[in-house]
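Input: a single structure, listed below in C-alpha cells.
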Number of protein chains: 2
Amino acid sequence: MGGIRETRKRETRQAIIEAAVSLFSEKGFEKTSIEAIARMAGIGKGTIYGYFRAKEEIFLAFCEDEIDYAFGMLAEKNDPQAPLLEQLVILFMSQFRFVTRNREFGRLLAREIAFPREVNREKSRDMDARYLQGLGMLLSGARQRGELKPSVDNLLATGHLYAIYLLMLSCWYSGYLVEEQEVEASLRALLHQALSGLGERVSGDGGDPGVIEKVSRRIIAESSTESGKRDETHE
Amino acid sequence: MGGIRETRKRETRQAIIEAAVSLFSEKGFEKTSIEAIARMAGIGKGTIYGYFRAKEEIFLAFCEDEIDYAFGMLAEKNDPQAPLLEQLVILFMSQFRFVTRNREFGRLLAREIAFPREVNREKSRDMDARYLQGLGMLLSGARQRGELKPSVDNLLATGHLYAIYLLMLSCWYSGYLVEEQEVEASLRALLHQALSGLGERVSGDGGDPGVIEKVSRRIIAESSTESGKRDETHE
DNA sequence: GCAAAAAGTCGACCGCAGTCGACTTTTGGT
DNA sequence: ACCAAAAGTCGACTGCGGTCGACTTTTTGC
C-alpha cells in the first residue's frame, strides 16, 4: 500500500537530478535543455514538471546536495578556537571557491538565493537557513569567548556578515575583483572593518528593537520549520 | 554628412525605450515580448537587436534614466549636515522605495546590478558607479565632520554600506522583511551596527592594504571612464 | 551624379521553456 | 477480483527570445 508509487517517485526524481547534474556540468545550465534532461533520465519532458516547477528548481535541488556536502567538508577542517575573523574568512572563502568553480553556476545560484523568483523562494530560504545556521554557530562560539560586544544581536550580526559575503560575490561578478587573492584580501579587510566599526563616535542608537525582534522571530520560525521536513514534492 | 543616420538612430532608440517602458509598466517585464515592443515602436523585431543585445539591456537602459531622476530628486531633499546614519537611511530608503515600487522590476534590477550577466556588465557597472559616487559624497562629508575613524578607507566603507543595502533588498525578496517599516528598522539597526562595530576587542588587522589599494585604483579608473562618455551604441 | 561599400532594417526561422489534455498506472473501497 | 477515482506520464503544441541572410537606405570616393 502506497509503496510502488512512492519508490518510483523517489527514483524518478533522483534520475532527473542525476541527469541534470551530468548535463549541467558538461554543457552548462543555459545550454542544457529540459528535453535533453528528460531523454537522459528516460522519461518524457512533461513529467519533469511534475517534479519541478521550473528549470531553476532542478538546479537548486542539485545545489542543495552540493552545498550540504561543502558545509560538511568545511565543518571538519574548521578550528572552533581560532579567532572569529579567521573562521569567517575560511568559511566564506570555501563557499566562494565552491560556488565560483564554474562562473555561470555561481551566478545563477547567487541570483536565486539573494533575489529569488517567487517560484523558488522556498528552496532559496532553505539554503539561506543553512548559511545562517553555519554563521550563527561561529558567532555563538565567538560570543562565548568574549569576542563580541554583548549588546550585539545575534541574527543582526549574522546578517551583517552575510551582507559582506554577498558584496564580495557581487564584486566578483561585476569584475571589480578578479583574482581569488583579491577577494580574500577584500573580504578580510571588510570583516575587520565590520568587527571594529566605521564610526568614531556614533550618534543615535540602533532604533526600535521591537521590529527587529519581530522579524527575528519570523526568520527563526521559518528556518526551524524547514529542518524538520525533508520532503521532496511541492504543492 | 553623417546626419540622417545619426538622428534616425537616436529617434529609433528612444522609440524602443519608450515603447518598452510603456509595455513593461503595463504588463511587466516577462509578459512583454520583444515583438510587442517592436510593433509599438513601429519597427521590425530584428532591428531591436541592432540597438540592444538582450531584452534585459533595454530594461537597464530604461532604469538608467529612472535612477538618474531618482538620484536627482534625492539630492534636493538631502540635508548634508544631518548625522551620517540619518543621511544613509534616507538615501537607501529612497532607493529601496523607488526600486520596489514594482516587485518584479526591482528584482530584475537588483539581479542585474549585483550579479550581472557578462552581456550586461558594462551597463551594470555604470549604475554601480552612480551608487558609489552618491555614497562616496556622503562619506566625505561625514569624514570632514569627524564622524568617521580616520583609518577607515573610503572605498571600503562605501562597499560596506552598500553591502548592507544589498542585504536589505535580499531580505525583502526572500520574504524575511515584508513591511517597509521593517526594512527601515532593520536598515537602521544594521547601519548603526556597522558604524559602531561588532567586535569587543578585535584581534588582527585588516590584512594587506596593498591589494585593497590596487582594487580601489581599478574601480576608480573604470568609473571615471564612464562619466566621460555617454554614448548610445555598443560594440 | 553614380556606383560600390557600409550601415541599417526586416520578418521567417530556430531552439527551447513551459502547458495541456489525452492516455496509462496505481490505489483503495467494496 | 473489480472498477472508479486519483495520481502520474507523455509528447504535440504554443509563445517567445534571439539569429540569419536577403533586402533597402545612406554614405563615401571619384
Residue in the range B:117-127 that is touching a residue at least 60 places away in the same chain (Cβ under 8 Å), polar (S, T, N, Q) and more than 7 Å from chain A (Cβ to nearest Cβ) present: yes
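Conditions (1) within 18 Å of residue B:84 (Cα to Cα); (2) out of contact with any Phe, Trp or Tyr (no Cβ under 7 Å at 6 or more places or on another chain); (3) at pLDDT below 85, marked per residue:
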residue	(1), (2), (3)
B:159	yes, yes, no
B:179	no, yes, no
B:187	yes, no, no
B:193	yes, yes, no
B:199	no, yes, yes
B:205	no, yes, yes
B:209	no, yes, yes
B:221	no, yes, yes
Residue B:41 more than 16 Å from DNA strand D (Cβ to nearest atom), modelled with pLDDT of 90 or more, out of contact with any Ser or Thr (no Cβ under 6 Å at 6 or more places or on another chain) and more than 23 Å from residue B:127 (Cα to Cα): no
Some residue of the range A:68-80 being within 30 Å of residue A:160 (Cα to Cα), more than 14 Å from chain B (Cβ to nearest Cβ), away from DNA strand D (no atom under 13 Å from the Cβ) and touching a Ser or Thr at 6+ places or on another chain (Cβ under 6 Å): yes
Hey, residue B:24 over 21 Å from residue A:174 (Cα atoms) and surrounded by 20 or more Cβ atoms within 10 Å (Cβ to Cβ) or not: yes
Qualifying residue in the range A:196-213 (condition: at the interface with chain B (Cβ under 7 Å from one of its Cβ atoms), part of a helix (DSSP H, G or I), more than 23 Å from the chain's Cα centre (by Cα) and not aromatic (Phe, Trp, Tyr)): yes
Test result for residue B:112, over 13 Å from residue B:162 (Cα atoms) and under 11 Å from the mean Cα position of the chain (by Cα): yes
Residues (more than 13 Å from DNA strand D (Cβ to nearest atom) and over 24 Å from residue B:107 (Cα atoms)) located in the range B:15-38: B:15
For residue A:101: the one exception among (1) in contact (Cβ under 8 Å) with a residue 12 or more places away in the chain; (2) over 14 Å from the mean Cα position of the chain (by Cα): (1)
The range A:6-34 residues that are closer than 12 Å to residue A:102 by Cβ, paired with ones that are among the hydroxyl-bearing types (Ser, Thr, Tyr) (beta carbon under 6 Å, 6 or more apart): A:24/A:32
Selected residue [farther than 24 Å from residue B:128 by Cα, at the interface with chain B (Cβ under 7 Å from one of its Cβ atoms) and among the aliphatic types (A, V, I, L, M)] from A:148, A:167, A:139: A:148
Any hit, the range B:98-106, residues being buried (at least 18 other Cβ atoms within 10 Å of the Cβ) and either more than 24 Å from residue B:194 (Cβ to Cβ) or within 12 Å of DNA strand D (Cβ to nearest atom) (or both): yes
Of all residues making up the range B:46-84, the number that are basic (Lys, Arg) and under 20 Å from residue B:6 (Cα atoms): 1
Those helices (runs of 4 or more DSSP H) lying entirely in the range A:1-115 with at least 2 residues more than 16 Å from DNA strand C (Cβ to nearest atom): A:4-27, A:55-77, A:84-99, A:103-114
Residues (surrounded by fewer than 20 Cβ atoms within 10 Å (Cβ to Cβ) and not β-branched (Val, Ile, Thr)) located in the range A:177-191: A:179, A:180, A:181, A:182
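The values are calculated or read from the model by the stated rules, or taken from the named source; none is laboratory data. Model, not experiment: these values are computed from the prediction. Using ideal geometry, Cβ is built from the backbone for each residue, glycine included, and neighbour counts are taken over all protein chains shown.
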